[in-house]
Every structure is written in structure tokens, then in C-alpha cells.
Amino acid sequence: MPLLIAVPLGLLVGAILGLVGAGGSIIAVPALVYGTGLSPREAIPASLIIVGLSSIVAVLPRLRRGVDWTAAATVGAAGIPAAWLGAAVGRLIDPDALLLAFAVLMVAAGVRMLVAGRRPSVPRTPGRLGIRIVKGVAVGLGVGFLTGLLGIGGGFIIIPALTLLLGLGMATAVGTSLVIIIVNALAGLSAHAGSLAGSENWPVVAVFAAAAIAASFVAARFAGRLPDNLVKTVFAVLVLLVAAFTGVSSAYALLAG
């Protein structure tokens, strides 16, 4: 049964990542926990594998639209040690408390996407290179820590940071975000690799990943044909629904425990 459920859930995660350039992992972790039965400790590294591989596929059609490699390198490099720190902190926290924190973060992401879906994003002036690097390091540290702690790629944070703080246009921000997600996923996975060692759930992870990769490849090619505001709004509503379920379930588990 988990293998059958992994297919539609993987397609959903991959489609979101391909269309939005972000948000795949914020659905993947609760989907793996509540949909396929993985523990939170297993779901975090599994999510990083799935989202990292899907991001590699999703970024390929976007390369010709431009990737800001300076921003990608700055944010990505800063995120590597932060991801290791986040993973270390996560091992000290109750898994259900992590899921509850994840639900809170999902609500924040969903609200932000709803607001963004109602008004066009206006990038700011890029500014001097030194200032951009400082801002990029700050973004990388924050997103990297969340990657290690919760197993998210952080694209829903990275994209507005790239547009509003670093002055990138939306098309370039999406491509750059996918490159950063790949780096963050590798860093987070290196810190969480032991959580999946010897697991019996590798077939579920493999099927989920294959479905997500296929969907992200197709969705990335159709992303430019759909209204950006519509995609953001639908994604935001989905995130809020999953956040409500995750929050109630994890809060109940904490109270019952």
C-alpha cells in the first residue's frame, strides 16, 4: 500500500517543484510521514533526496532563462554549515515537536504565497556586490539551518529573498533557487544520512522520487504557460490544508505522549 500511495504523492511534489520552483519539500515531509508511514527521522533525509533529485531535473529547462551563479554560490555555501547545525539541533528535539514546528512554518509559507498571488513581485535594485554578498550569506544561513532542522529545501524563502533583497527577476530567481535547493539538499542529506541507513523503506523512497522527478520535468516545461498568480494561490491553499492536518496530528501526539 505505501508503494501505491507514493506514486500520486510523488507526482504532486514534483509538479509543485516544477511549476513554482519551490515548495516541494514542504509537502514531501508530511506526505512521507502521514501518507507512506515513514517516521519523521526517516522522512527528513528522504525528502532531501527526493527534492534534490527533482530540483536537478526541474532546473534544466530553466538554465537558458538564466541562473545568477554568484547568488547561488553565496547562498549555497553559507547554507552548508548551517544545515549541519540545524541537523544537530533537530536530533535534540522530539519528532512530533519538529512536525508541529513544520506546520507553523507551512502556515507562514502559505500565507506569504497567498499575499504574493494577489500582487506582482517587484524586484529591488541589486545594489553593490559587497552588500549583495552579505545579504546572500544571511539568507543562506537561515535557509540552511531550516534545511538541516526540518528537511526543507527552503525555496519558498529563497525566491522572495532573491527578488526583494538581491534584486533578481522572477525567472532568474526561480532558476537560482533550484540550484540553491540542490546544494542545501546535499548538505542536509550529508548530516542526516545515518537516519536512513538500514531502513526498510528505500523502495517507497525510490518510487516517490521517480514519480517526483518525472512530474517536475514535465511541470517545469509547462510552468511558463500558466498564470503565475493562479499557481501561487493553488499552492498556498494546498500548503495551508496540509499544515492544518499536520499541526492537529502532531499536537495530538504531543499531548497524548
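The values are calculated or read from the model by the stated rules, or taken from the named source; none is laboratory data. Just so it is clear, the model here is predicted, and its values are computed rather than measured. Here the Cβ is made from the backbone with ideal geometry for all residues, glycine too, and neighbour counts use every protein chain on show. For accessibility, only protein heavy atoms count, side chains too; no ligands or nucleic acids. Shrake-Rupley method; radii C 1.70, N 1.55, O 1.52, S 1.80 Å.
Residue under question is R64, and the condition is that it be touching a Pro at 6+ places or on another chain (Cβ under 7 Å) and open to solvent by 30 Å² or more (accessible area, probe 1.4 Å); does it hold? Spelling it out, it is not the case that R64 is touching a Pro at 6+ places or on another chain (Cβ under 7 Å) and open to solvent by 30 Å² or more (accessible area, probe 1.4 Å). Checked against (1) closer than 18 Å to G155 by Cβ; (2) open to solvent by 30 Å² or more (accessible area, probe 1.4 Å), G37 passes all but condition (1). Scanning the range 143-157 turns up no residue that is closer than 25 Å to I16 by Cβ, more than 14 Å from the chain's Cα centre (by Cα) and at pLDDT 85 or above. Can you list residue pairs whose Cβ atoms sit under 6 Å apart, with the first residue in the range 85-96 being closer than 20 Å to A253 by Cβ and the second being part of a helix (DSSP H, G or I) and among the hydroxyl-bearing types (S, T, Y)? Count only pairs 6 or more apart in sequence or on different chains. Filtered contacts from the range 85-96: D96/S250.
Please work out if A15 is open to solvent by 10 Å² or more (accessible area, probe 1.4 Å) and either without any contact (Cβ under 8 Å) to a residue 60 or more places away in the chain or under 12 Å from the mean Cα position of the chain (by Cα) (or both).
no
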